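A.B. asks: Dropping a structure here in structure tokens format, bear with me for questions.
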Amino acid sequence: MKSTYPELPGSLLLVEEETLARWREDDLFRRTLEANADGEPFVFFEGPPTANGRPGLHHIISRTIKDLVCRHRSMEGRSVTRIAGWDTHGLPVEIEAEKKLGISGKPEIEAIGIARFNEVCRESVFTYKEEWENLSERIGYWLEYWRPYVTFHTDYIESVWWVLKELSGSGLIYRGHKSVPYCPRCGTALSSHEVAQGYEDVEDPSLTFVADIVDASGAPDPDGRAFLVWTTTPWTVPSNVGLAVNPGLTYVEVAHDGRRLIVAEALAADIFGEDVEIVARHRGDTLAGLRYRRPLDLVPAPEHVGNAWTVVAEDFVSAEEGTGIVHMAPAFGADDYAAGQRHDLPMLNPLDEAGHFVESIPVVGGMFVKDADPLLVEELRRGGGLFHIGTSVHSYPHCWRCGSPLLYVARDSWFAATSTLKDQLIANNDRISWFPPEVGEKRFGEWLRGNVDWALSRDRYWGTPLPFWVCDEGHLHVVGSLAELSELAGPLPDDFDPHRPFIDEITFACPECGGVMHRTPEVVDVWFDSGAMPYAQWHYPFENVEDFESHFPADFICEGLDQTRGWFYSLLAISTMLGRGPAFLNVVVNDLILDVDGQKMSKSKGNVVNPWDAIGEHGADAVRWYLITSSSPWVPKRYDPAGVREASRKFFDTLFNTYRFFALYARVEEWHASEADPQPAERPFIDRWLLSRLDTVVRAITEAMDGYQITRAYRTLGDFVVEDLSNWYVRRCRPRFWGNTDAADARAAFRTLWDALRTVALLAAPCAPFSSDWMHRALTEESVHLQRYPAHSGASDAELEADMEAARTLVSLGRAAREDVQIRVRQPLRILYAVVPGGRSLHGALLDLVRDELNVKSVEFLESAEDIVRLVARPNFRELGPRFGKRTQVAADAIRGLDQAALAAFRGGAAVEIELDGQRHTLQPGDLDVVQEATGDLVVKEDGSYTAALDPALDDELRAEGMARELVNRIQRLRKDAGLEITDRIELALAGSEAVQGAARTHQVFIAGETLAVSVTVGDEGISDGFEHVRDTDIDGVPARIALRASATVG
RNA sequence: GCGUCCGUAGCUCGGCAGGUAGAGCACCCGCCUGAUACGCGGGAGGUCGUUGGUUCGAGCCCAACCGGGCGUACCA
């Protein structure tokens, strides 16, 4: 049994500190895992962050959601495995290492040596590991950091190899020569989802050049005809080997400066102006096969010329932009490459690995491509081939890590043939529930429908080495395990590190031809690492086979929207290629966190919020609560510290105050939950109401949580705590908690409030794990995180709740009426007339409650006072619409026009008709509401179908009572100022005008009772020297004198 | 360009299968002040981005447009 109810620490921050210490002491997280070890699994996958970057505020939102969902399921008894993960390979790490070593680019890396370079990578991988772990702990994100999966660990790599071997076995791995996005700085190709991360608007040259037509022998065209060609990449012009036209478009020859320039007809006016001189017209297909002189003769002609420098017909050519004639450089463009293959166009690639022209090229040798643009334009001008040069802004892909503009270059790469499984990818995606759905259906769905093969290889150093060995004959052997490798190549050392450069040295005899097999030098795309985590986190299939089977697929994952093409895709692509269906079944997507002004947070803008600052200022629970309740996770969220403060004040302060109230009196009265507490059915109306509300709230929250509508769930809880629990239940029930002579009633009140607080703690636990745990321990001495989440019992009573709703609405209206006539609530009034929709009327305790709240002697429901009532018809469009169609408004007008007698009759159940265009229609009960409006000297307030009419008339009796209440109010203030304890008894003397004295005498017993006065004397003569505290005061202009002293009588 | 989300009171956001606009904060007025330097009540404040359309009736459905975010795309 609870010995006592502890004081709340002074702030949320202190509550969190204290709770965090308890968790550490109790090793609580592990205990929750152990408690549910035999429960039905709820499978969660942690998307691995890179620990060589610091965690930001945006990480807090997804981590809060992850934690919230996992805690919720855990409280439902599910066994939730929450293995941490670290993404440790790839370009981000390598770039960091380059900086650390003060080098840049592949030649410098290789000069230092791959061994040394990778050593630095390995060291930097965990730079911020501790900060991540500490932040996770501080925000209450429970994750099994003691057994993380780490993508550079040998076991992990071995599982990735296994995956690759499986894929290879299914014929999904191939080496291809394709045009791929290529980062010249990093010297490697990128996958399409990496490219998607780096689009930026840039200003590029807009170049239009001339390509003179020649005949088969190379002689100029006798008519001086030439093509006009547009490009935004002048550096590709030396590599031009073809022009493409659309076979179906019409092209025109335009006389211009002695030449006849060919462009698409649709664009002629844009290029030459309205008064173009058109000399001839051609269909595109008739132009195909024409030869032209290459615009720049810098790159040596290839050995196999093929159809170089001829016009080809391609459907992708449009007349939207440029000239309608497309410059083709198959070495630098996917369309160009494909068309080149079709038409036997050669590839001219004068670039080195770093995107520089090779030294042997005249004019631009050794230059970076983008820097060469102006020189090439100048070169064109000199040869007479320049038509126009300008600039245009368009969005262009950049390296997602280093920011260099990407080049599209035809290169050898390893691919996974995902596009052959497009239908399965789509089918598997259909089995995933996305929150919000449109991300899955639209954004991700579109992406899948446009799926291209996954370029897996990276020409880099720090990554999972591709386990592909190739011999001179071109035979491929994929190694799927370390055991297999040692079988082929001899024993491996115990501490074998599968990374480069060591792995590169391993060779073995080709199983097919006996030749020497060397490992292909590339490493794998990091996204492949992370997408393989479902298997590799268990070192599957080498170990933990059962663990893996019971933890696939994930029931739930949650990451930022930016992972749509990242982790979400790699998980699905790999599981689909393995034939295992979707890797996850539910995914919550969160959007960006913006600053107060809606700007993206970025270091350059200096508007980044440090998560430690946010938590240090407001507390983790407040930040968590704010992030969850301010708006749905999937809409961009503006982070507003003022909003966090408000959330904190509103929810946490209210909840804490409610606890303080409970604890204060529970201590005084020494109440503890026990069998002696009355059963709910035996408790007063308001207790049963609160318990009903609680059950309704539990049901609503459960439904919302099950549907991953966590924002809705916690808004519901917040509203309950503030509106129902604190502002209504506690406020109404305050007197029941102290000095209550009805012991059963006191027990009922304490028990109800205790139950409510405890249930709120349980419900809040997933979202606000610290304060809920503090409170739950304070109430029960047990951690909230080892309890079961509340299940709704069906105890809710809709009638009860509707009655209370009606009462609260009437109270609200009554207050508004008092406001109108400026009569404060302390002044009693005679009567309130009330109308409640549906003919509901209130009785008993509820009626007392309304009378008490409004301080009126009686409340009458208007059936009994029809002489002061006017009936008003309110048409119900929902019913009338379907019945009257176009004439709904006419019918509504007719109903509004019904007279008092007709309405009274209708209310009484008689048949009433309206006439429309000569036709009579009998009104059905649902067609209209008959509402009563008060008339006369009453103050009337309405809200929907509610009406409250207050009689503001005062008489002497009411005035005296009002005065008595004012006196009580002043006496209480004086008591407080005098420093008396709540329970101290006093001796009281009152004096003042006739009104004061009269009221004091009439209501002496009342005043004494309210103020704990053992004696009351009235009149000036009563105030003698013996009173320590004397005060002259003023009650609405009436002077009064109050005197009191502590009584010797023990209370 | 295409796609998607968003646009509702000064600010942050609700608005449940279309039935005639809400909450919180801030502001103003009042009340309360023996759990709560907090609370309560009230008030003012909106042509629901614009324009059309469907409908008896549109914040909600459709179309176009405007503004913003994000995504996407090697249209050279």
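A.B. asks: Output the pairs from A:99/A:600; A:370/A:637; A:106/A:370; A:857/A:941 with a Cα-Cα distance over 28 Å in this structure; if there are none, say none. Let's see the in-between values first.
C.D. replies: Details: A:99/A:600 26 Å; A:370/A:637 38 Å; A:106/A:370 19 Å; A:857/A:941 19 Å.
Over 28 Å apart, Cα to Cα: A:370/A:637.
A.B. asks: Counting only DSSP beta bridges with both residues in chain A, tell me the antiparallel percent, nearest 5.
C.D. replies: Numbers: 99 of 134 bridges.
Rounded to the nearest five, the antiparallel share is 75 percent.
A.B. asks: Using Cα atoms only, what is the angle between the long axis of helix A:956-977 and the major principal axis of chain A, expressed in degrees (0 to 90) to the nearest 10?
C.D. replies: So the inclination is approximately 60 degrees.
A.B. asks: With the dipole of chain A worked out from charges on the C-beta (+1 for Lys and Arg, -1 for Asp and Glu) around the Cα centre, which of A:57, A:261, A:152 lies farthest toward the positive end?
C.D. replies: A:57
A.B. asks: If you don't mind, another one. For chain A, just the Cα set please: Rg and Dmax, both in angstrom.
C.D. replies: For chain A, the Cα-based Rg and Dmax read 40.6, 134 Å.
A.B. asks: Within 10 Å, count the other beta carbons around each residue, average over each peptide in A:728-741, A:61-74, A:153-166, A:462-475, and list them highest first. Working shown, then result.
C.D. replies: Values: A:728-741: 15.8, A:61-74: 24.4, A:153-166: 22.6, A:462-475: 21.1.
Per-residue Cβ counts within 10 Å, averaged per peptide and sorted highest first, yield A:61-74, A:153-166, A:462-475, A:728-741.
A.B. asks: Separation of the range A:803-864 and the range A:75-103 by C-alpha centroid, Å?
C.D. replies: Measuring centre to centre over Cα atoms gives 63 Å.
A.B. asks: Quick check: the angle from helix A:57-75's long axis to the longest principal axis of chain A, C-alpha only, nearest 10 degrees?
C.D. replies: On a 0 to 90 degree scale, this one is about 60.
A.B. asks: Given the alpha-carbon gyration tensor of the range A:200-406, what are the semi-axes of its equivalent ellipsoid in whole angstrom, ordered largest first, with each equal to the square root of 5 times an eigenvalue?
C.D. replies: Equivalent-ellipsoid dimensions as semi-axes: 27, 19, 17 Å.
A.B. asks: While we're here: Just to verify a number: FRET efficiency for residue A:250 and residue A:375, C-beta to C-beta distance, R0 = 30 Å, to 0.05?
C.D. replies: Numbers: r = 36 Å, r/R0 = 1.20.
Computed FRET efficiency for residue A:250 and residue A:375 comes out at 0.25.
A.B. asks: Now for a separate question. Once you place label points 7 Å from the Cα toward the Cβ at residue A:338 and residue A:780, how far apart are they in nm?
C.D. replies: Placing both labels 7 Å along Cα→Cβ, they lie 6.2 nm apart.
A.B. asks: In whole Å, what is the distance between the alpha-carbon centres of the range A:429-458 and the range A:707-767?
C.D. replies: 45 Å
A.B. asks: A further question follows. Take peptides A:750-762, A:229-241, A:28-40, A:823-835 and line them up by average Cβ neighbours within 10 Å, highest first, as a rough protection proxy. Walk me through the numbers on the way to the answer.
C.D. replies: On the way: A:750-762: 21.9, A:229-241: 23.8, A:28-40: 14.5, A:823-835: 19.9.
The most tightly packed comes first, giving A:229-241, A:750-762, A:823-835, A:28-40.
A.B. asks: Another one. Quick check on the range A:200-406: of the DSSP beta bridges with both residues there, what percent are antiparallel, nearest 5%? Don't skip to the answer; put the middle values down first.
C.D. replies: Numbers: 38 of 46 bridges.
DSSP beta bridges in the range A:200-406 are roughly 85 percent antiparallel.
A.B. asks: Determine the gain in length on full extension of the stretch residue A:275-residue A:549; use 0.36 nm per residue of separation and subtract their C-alpha separation, reporting nm with one decimal.
C.D. replies: Values: separation 274, 0.36 × 274 = 98.64 nm, distance 7.37 nm.
Going from the current span to full extension adds 91.3 nm.
A.B. asks: Also, quick follow-up: With labels modelled as points extended 7 Å from the Cα through the Cβ direction, what inter-label distance (nm, one decimal) is found for residue A:11 paired with residue A:297?
C.D. replies: Between residue A:11 and residue A:297, the simple spin-label model gives 8.0 nm.
A.B. asks: Between residue A:883 and residue A:431, 0.36 nm times their residue separation minus their Cα-Cα distance comes to what?
C.D. replies: Numbers: separation 452, 0.36 × 452 = 162.72 nm, distance 4.24 nm.
Using 0.36 nm per residue and subtracting the Cα-Cα distance, I get 158.5 nm.
A.B. asks: Residues of the range A:568-601 with backbone nitrogen within less than 20 Å of a virtual label 7 Å along the Cα-to-Cβ line of residue A:635, please, listed as ranges.
C.D. replies: A:588-601
A.B. asks: Given the peptides A:893-903, A:547-557, A:685-695, arrange them by the average over their residues of other C-beta atoms within 10 Å, most packed first. Walk me through the intermediate numbers first.
C.D. replies: Working: A:893-903: 15.3, A:547-557: 18.6, A:685-695: 21.8.
My ranking of the peptides, most packed first, is A:685-695, A:547-557, A:893-903.
A.B. asks: Within the set of other residues whose C-beta is less than 14 Å from the C-beta of residue A:356, count the net charge using Lys and Arg as +1 and Asp and Glu as -1.
C.D. replies: Details: positive: A:106, A:185, A:370; negative: A:352, A:353, A:359, A:371, A:373.
Net local charge, residue A:356 excluded: -2.
A.B. asks: Now, a different point. Fully extended, how many nm does the chain gain between residue A:487 and residue A:349 (0.36 nm per residue separation, minus their Cα-Cα distance)? If you can, show how the numbers build up before the last one.
C.D. replies: On the way: separation 138, 0.36 × 138 = 49.68 nm, distance 4.15 nm.
Difference between extended and current length: 45.5 nm.
A.B. asks: What's the center-to-center distance, using Cα atoms, between the range A:775-793 and the range A:533-556 in Å?
C.D. replies: Answer, in whole Å: 32.
A.B. asks: Now for a different question. After finding the eigenvalues of the alpha carbon gyration tensor for the range A:804-950, what semi-axes result from the square roots of 5 times each, listed largest first in whole Å? Display every interim value, and only then the final one.
C.D. replies: Working: eigenvalues 228, 37, 36 Å².
Sorted largest first and rounded, they come to 34, 14, 13 Å.
A.B. asks: Let me ask something additional. When the helices in chain A are scored as -39500 (n - 2.57) per DSSP H run of 4 or longer and the sum is shared across all residues, what 222 nm value do you end up with, to the nearest 500 deg cm²/dmol? Present the calculation step by step, with values, prior to reporting the outcome.
C.D. replies: Values: 36 runs with 392 residues, N = 1051.
Estimated from H runs of four or more residues: -11500 deg cm²/dmol.
A.B. asks: Around residue A:470, what is the net charge, scoring Lys/Arg as +1 and Asp/Glu as -1 over all other residues with Cβ under 13 Å from its Cβ?
C.D. replies: On the way: positive: A:175, A:519; negative: A:412, A:472, A:473, A:504, A:512, A:522.
Neighbourhood net charge equals -4.
A.B. asks: Continuing with this model, one more query. Report the label-to-label distance for residue A:1041 and residue A:982 in nanometres (one decimal), using points 7 Å from each Cα along the Cα→Cβ vector.
C.D. replies: 3.3 nm
A.B. asks: If r is the Cβ-Cβ distance from residue A:116 to residue A:285 and R0 is 41 Å, what FRET efficiency results, to the nearest 0.05? Provide the component values of the computation, followed by the final result.
C.D. replies: Values: r = 59 Å, r/R0 = 1.45.
Calculated value: 0.10.
A.B. asks: I would also like to ask the following. Given Cα pairs under 8 Å that are at least 6 residues apart, what percent is the relative contact order of chain A?
C.D. replies: Working: 1884 pairs, mean separation 115.0, N = 1051.
Result for chain A is 11 percent.
A.B. asks: In terms of the Cα gyration tensor, with a ≥ b ≥ c the square roots of its eigenvalues, is the range A:108-180 rounded because a/c is under 1.5, prolate because a/b exceeds b/c, or oblate?
C.D. replies: It comes out oblate by the Cα gyration axes.
A.B. asks: Whole number in Å², please: accessible area per residue of the range A:264-332, 1.4 Å probe, ligands, DNA and RNA not counted.
C.D. replies: Numbers: 3490 Å² over 69 residues.
So the range A:264-332 comes to 51 Å² accessible per residue, rounded to a whole number.
A.B. asks: In terms of the Cα gyration tensor, with a ≥ b ≥ c the square roots of its eigenvalues, is the range A:614-703 rounded because a/c is under 1.5, prolate because a/b exceeds b/c, or oblate? Can you show the working numbers first?
C.D. replies: Working: a/c = 3.67, a/b = 1.76, b/c = 2.09.
Here the range A:614-703 falls in the oblate category.
A.B. asks: So if we plug the beta-carbon distance of residue A:18 and residue A:507 into 1/(1 + (r/R0)^6) with R0 = 35 Å, what FRET efficiency do we get, rounded to 0.05?
C.D. replies: On the way: r = 62 Å, r/R0 = 1.76.
Once rounded, the FRET efficiency stands at 0.05.
The values are calculated or read from the model by the stated rules, or taken from the named source; none is laboratory data. Owing to the predicted nature of the structure, the values given are computational and were not obtained by experimental measurement. Positions of Cβ are generated from backbone atoms using ideal geometry, with glycine treated the same way; all protein chains shown enter the neighbour counts. For accessibility, only protein heavy atoms count, side chains too; no ligands or nucleic acids. Shrake-Rupley method; radii C 1.70, N 1.55, O 1.52, S 1.80 Å.
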